[in-house]
Structures are given as structure tokens and as C-alpha cells.
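So the structure is just underneath, and the comments pick up after that.
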Amino acid sequence: MEKKRIGFDLLIFEDTNELSQNEQKLLKTAEEVRSNAYAPYSNFKVGAAALLENGEIVIGSNQENASYPAGLCAERVAVFQAGARFPGVAIKALAISAASADHVVDKPAAPCGNCRQSIMEYEQKQQAPITLLLKAEKGPIYKCTSMGDILPLAFNSSFLGDS
Ligand code: THU
């Protein structure tokens, strides 16, 4: 039997001014577009901003539906939009900002399982990591240098026999 520990380095910043100018701008964009969320059911608004290798920033916010599962998270709105508008252009970083109308969110919300899987597909396709920057209304900023870090043992197309 072999036992293997899988871990990653989570970078924790106490203040946005510890981030690079580009990272600050991306996070600010995610915070701004959070207000575009359509979240009448959860009152939990999320904004996302993806920085592409061509310098474009593509945004997203969560869009809910009376048929709950039909809604989509902010991260996938942003990343799918990036894929639709700029096919073949790599995503370098994704900033995510979350806040609730009902209570103070004081720690970063990491992407849900479906978003991790979806974003992982892009990371695999572009063969380059996507940095994640996560922040709530209050509290620290989390930085992960790759989606793969938070989705170890990911399922991907190699299991389907096409690579
Ligand atoms: N949500 C996101 O947009 N991103 C996340 O990372 C977690 C959850 C949305 C989905 C739903 O509209 C609301 O937040 C509550 O789950």
C-alpha cells in the first residue's frame, strides 16, 4: 500500500493592497459586477471577473431561476462567456467576490463543485493554470495558483479515451 498526501499552498492576504495592480483591478471588477447578480431566491450575490491572456476582462454574476437548478453560478457565466467570445484565448486569472443581503460573509467563498469541474476543463484545454482570487465583503483574500489545486484527482477527457 502506498499512501500519498495531496496538498496545495493557499496564499492568504490580509489586504487588497498586498496584491499586484492587475490583481487589484480584477478583484475590484468582480466586486463591482456582483451587483448585477440576479439572486432573488438566495440573496447571495457573486461577481466574477476573468482576465484573459489578450488583456480582456470578461465578467459574470450568478443568475438564478424559479426552477433552482436552472440557475448558473457567476464563475461559469464568466468562463463560458470568455469561451464564447474569445475562443482559444487562455484564461489567466479569475477573481470571485461574494456577499449576502442577509448576513455578513467574512470569508472567501470558493467555487462550487460544478464550477471547479467546468473551469478545470479550460485549464486542461489551455495547458496553463488559472489563478483564483477569492474575497468576501470582509476578511482575507485567498489566492490559489491553479484550479487543479482545489480539484485534485479531477475527472477529464483522458478518461474518455481521446487523449
Ligand atoms: N454561487 C455562485 O455564483 N458561485 C459560487 O461559488 C457559489 C454559489 C451562487 C449560486 C446561487 O445563485 C447562489 O450563489 C447560492 O448558492
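The values are calculated or read from the model by the stated rules, or taken from the named source; none is laboratory data. The structure displayed is predicted, hence computed values, not measured ones. All Cβ positions, even for glycine, are placed from backbone atoms using ideal geometry, and neighbour counts span all protein chains on display. Ligands, DNA and RNA are excluded from the accessible area calculation, which covers all protein heavy atoms including side chains. Shrake-Rupley method; radii C 1.70, N 1.55, O 1.52, S 1.80 Å.
Distance from the Cα centroid of the stretch 130-160 to that of the stretch 52-66 is 16 Å (rounded to whole angstrom). For residue 54 and residue 28, a Förster radius of 25 Å and the Cβ-Cβ distance give a FRET efficiency of 0.80, rounded to the nearest 0.05. Could you identify which residue out of 146, 67, 42 has the top mean-square fluctuation in a GNM of the chain using Cα springs shorter than 10 Å? Highest fluctuation of the listed residues: 67. Take the chain with all the other protein chains still there, run a 1.4 Å probe, and you get 57 Å² of accessible area per residue. Please identify the trypsin sites (Lys or Arg not before Pro) of the stretch 1-100 that satisfy two criteria: DSSP loop assignment and at most 15 other Cβ atoms within 10 Å. Which are they? The qualifying sites are 3, 4, 5.
Label positions at residue 5 and residue 156, each projected 7 Å from the Cα along the C-beta direction, are separated by 2.5 nm. Helical runs (DSSP H, four residues minimum) scored at -39500 (n - 2.57) apiece and divided by the length of the chain put the mean residue ellipticity at 222 nm at -8000 deg cm²/dmol. Placing dummy labels 7 Å off each Cα toward the beta-carbon, the span from residue 17 to residue 117 is 4.3 nm. Of the accessible area of the chain, computed with a 1.4 Å probe over protein heavy atoms only, carbon and sulfur atoms account for 51 percent. One chain, two ends: residue 125 and residue 145. Fully extended at 0.36 nm per residue, the span grows by 5.5 nm beyond their Cα-Cα distance. When 147, 1, 120 are compared by accessible area at a 1.4 angstrom probe, the order from most to least is 1, 120, 147. Let me know the longest stretch in the chain that avoids all GluC sites (Glu not before Pro) found in a DSSP loop with at most 15 other C-beta atoms within 10 Å. Here the longest run is 57-136. Checking the Cα-Cα distances for 3/125; 92/138; 3/92; 28/138; 4/92 against a 22 Å cut-off, the pairs over it are 3/125; 92/138; 3/92; 4/92.
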